[in-house]
Amino acid sequence: MVNAMLEVVRVPVLSDNYVWLMHDVASGETVVIDPAVAEPVLAAAAARGWTIGQIWNTHWHGDHVGGNAAIKAATGCSITGPAAEADRIGTLDRTVSEGDVVRIGGHVATVMEVPAHTAGHIAYHLAEDAIVFVGDTLFAMGCGRLFEGTAAQMFNNMARLGGLPDDTSVYCAHEYTLSNGRFALGVEPDNEALAARVAAVEAARARGEATVPTTIGLERATNIFMRARDVEELAQRRAAKDAA
Ligand SMILES: [Zn+2]
């Protein structure tokens with residue numbers, strides 16, 4: 001995926017995680033977002049002749065930060081992550097909060113605090129490049145589980161992310177799309193965009209293809225958590241999905 005002069009590469013790891021490598025052609029800088037592990041990520045960068053200069057973490061879970069130390073040891077990169085989770089991550093060089101800016105070459109990412117999956121979860125939004133890295137907060141047709149936060153927080157997150165431009169590419173950290181889509185169809189059986197998307201996703205998965213990134217526009221049309229009309233409705237849908 002090439003977005004202006006930013007190239008974003010998917011590195012599938014573990015059972016269903018996606019680590020994202022983002023490369024700025026102009027500066028030659030490379031950032032890795034949420035490295036669950038190190039080796040496949042280092043290999044993917046090396047295969048392209050890229051050197052990882054930074055890691056950006058969205059939250060403290062092991063399948064998002066597990067590769068931090070080994071990638072830093074191999075490359076000398078700097079590691080940025082949420083200030084609210086610095087103690088739990090332990091390997092951060094820079095801590096960031098709402099509104100802070102991080103850069104890759106001349107490209108700017110603004111930090112959005114999106115707590116709920118974890119208490120300090122953040123997203124990285126590159127507005128000029130129409131890219132957002134959302135970790136485990138927003139998934140294709142889904143949202144993260146509420147491990148450390150509330151439905152009200154997640155409802156607010158969905159409103160904020162849903163308010164980004166429709167053409168914004170959404171890079172989430174797991175391949176959960178098919179499960180999310182099948183559940184969503186049970187909630188909104190008359191949503192034609194949703195039905196069409198689930199059919200397309202079933203075909204893509206049968207071919208072994210990834211289904212992310214997604215876009216904000218697609219999520220607004222098919223994501224039952226983003227489409228929840230109020231906190232209660234989101235809470236009910238989240239609880240039902242957890243039990244499914
Ligand atoms: Zn997580």
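The numbers here are math on the coordinates, done by the rules we state, and not lab data. Keep in mind it's a predicted model, so treat the numbers as computed, not measured. Note: ideal-geometry Cβ built from the backbone for every residue, glycine included; neighbour counts use all protein chains shown.
Structure notes:
- Value of [θ]222 nm, deg cm²/dmol, for the chain, DSSP H segments ≥ 4, -39500 (n - 2.57) each, nearest 500: -9500 deg cm²/dmol
- For the chain, a simple Cβ point-charge model (Lys and Arg +1, Asp and Glu -1, everything else neutral) yields a dipole of about 300 debye relative to the Cα centre.
- The relative contact order of the stretch 99-192 comes to 25 percent, based on Cα pairs under 8 Å that sit 6 or more residues apart.
- Förster radius 51 Å - calculated FRET efficiency between residue 27 and residue 233, Cβ distance, rounded to 0.05: 0.70
- For the pair residue 39 and residue 152, the difference between a 0.36 nm per residue extended length and the Cα-Cα distance amounts to 36.9 nm.
- Percent RCO, i.e. relative contact order, over the stretch 137-244, from Cα pairs under 8 Å lying at least 6 residues apart: 39
- Antiparallel bridge percentage (DSSP; both residues within the chain; nearest 5): 70
- Note on the stretch 14-79 and the stretch 115-180: Cα centroid distance 20 Å, given to the nearest whole angstrom.
- Charging the Cβ of each Asp and Glu at -1 and of each Lys and Arg at +1, and nothing else, the dipole of the stretch 63-105 about its Cα centre rounds to 200 debye.
- Calculated FRET efficiency for the pair residue 10/residue 188, C-beta based, R₀ 35 Å, to 0.05: 0.80
- Dividing the mean sequence gap of close Cα pairs (under 8 Å, 6+ apart) by how many residues the chain holds gives a relative contact order of 13 percent.
- Placing pseudo-labels 7 Å out from each Cα toward the beta carbon at residue 240 and residue 160 gives an inter-label distance of 2.7 nm.
- Of the chymotrypsin sites (Phe, Trp or Tyr not before Pro) in the stretch 106-201, the ones in a loop by DSSP (not H, G, I, E or B) with at most 14 other beta carbons within 10 Å are 147.
- For residue 215, the residues whose modelled amide H falls within less than 5 Å of its own, excluding neighbours fewer than 5 places apart on the same chain, are 170.
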